[in-house]
Amino acid sequence: NPQWDAAYLASLIAVNTTMRACELKGLCLGDIDLFAKAVSIRRDSTKTDAGCREIPLNDTALWAVVRLMERARVLGATDVEHFLFPAFRFKHTKGSQPVVGAAYDPTQAMKTWRTAWRSLKKAAGLPKLRFHDLRHTCITKLAEAGVPDHVLMSISGHLSPEMIKHYSHIRSKAKQAAVAAIQSYHPPEVREITPAPL
């Protein structure tokens, strides 16, 4: 459904980059470097100073970003300070103010994709999935892959000590499962040895 494009593409980026919804909505065209395959998160779009970071894009995230850039251009975003998710103007007008020109304002960020997200979750059979769960899924996958804590923090931004412990535990369980999967030697059963008579 084309009306779900923004939420769908945002979800692909979130699950592949650890980005929060507010960080995605705060992205401007100038924050995206297609040659370096990375996006920069600025302080005004994240929760804390520690949230400012540069995030590399894997192939899936890069594909979604390019689709969103094409969408943003169609909606009027052409300057580096224009938002990747332009705001729908009718959401920001009072009843007495006339809306002139395009229905989207690229100088303002989209406020929500809640309706599209709910429809998308329902169609996917995942009614309880929260958008923020995608961030945790990405961090969990990185932890399971053995990514060190400092790299995990540089990609995801601020993580509390409790969350670092949580993801370290996930990493430890992944290592245990990995070594169990490669176990090839199965020692014979131990039987009781009876000493021979003298």
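The values are calculated or read from the model by the stated rules, or taken from the named source; none is laboratory data. Fair warning: this is a prediction, and the values are worked out from it, not measured in the lab. Reconstructed Cβ throughout: ideal geometry from the backbone, glycine too, with neighbour counts over all protein chains shown. Ligands, DNA and RNA are stripped out before the accessible areas are found, and what is left, the full protein with its side chains, is counted by its heavy atoms. Shrake-Rupley method; radii C 1.70, N 1.55, O 1.52, S 1.80 Å.
Filter segment 101-130 for residues that are open to solvent by less than 70 Å² (accessible area, probe 1.4 Å), among the hydrophobic types (A, V, I, L, M, F, W, C), assigned to a loop (DSSP other than H, G, I, E, B) and free of Cβ contacts under 8 Å to residues at least 12 places away in the same chain and give the result.
Across segment 101-130, the qualifying residue is only Leu129.
Inspect all residues belonging to segment 86-98 and state whether any of them is in a loop (DSSP other than H, G, I, E, B), modelled with pLDDT under 95, more than 14 Å from Asp31 (Cα to Cα) and charged (D, E, K, R). Steps first, answer last, please.
Restricting attention to segment 86-98, the residues satisfying the condition of being in a loop (DSSP other than H, G, I, E, B) are 93-98.
Next cut, modelled with pLDDT under 95 only: 93-98.
This time we only want the ones that are more than 14 Å from Asp31 (Cα to Cα), so: 93-98.
Among the residues that remain, those that are also charged (D, E, K, R) are: 94.
Taking every residue of segment 86-98 in turn, at least one turns out to be in a loop (DSSP other than H, G, I, E, B), modelled with pLDDT under 95, more than 14 Å from Asp31 (Cα to Cα) and charged (D, E, K, R).
Six or more apart or on different chains, Cβ under 8 Å: which pairs go from a residue in segment 62-85 that's in contact (Cβ under 8 Å) with a residue 40 or more places away in the chain and closer than 19 Å to Phe35 by Cβ to one that's aromatic (Phe, Trp, Tyr) and open to solvent by less than 30 Å² (accessible area, probe 1.4 Å)? Could you list them?
From segment 62-85, the pairs are Leu68/Phe85; Ala72/Phe85.
Read through the list (1) more than 19 Å from the chain's Cα centre (by Cα); (2) at pLDDT 70 or above; (3) not in a helix (DSSP H, G or I), then give the number of the only condition that His158 fails.
In the conditions (1) more than 19 Å from the chain's Cα centre (by Cα); (2) at pLDDT 70 or above; (3) not in a helix (DSSP H, G or I), His158 misses (1) alone.
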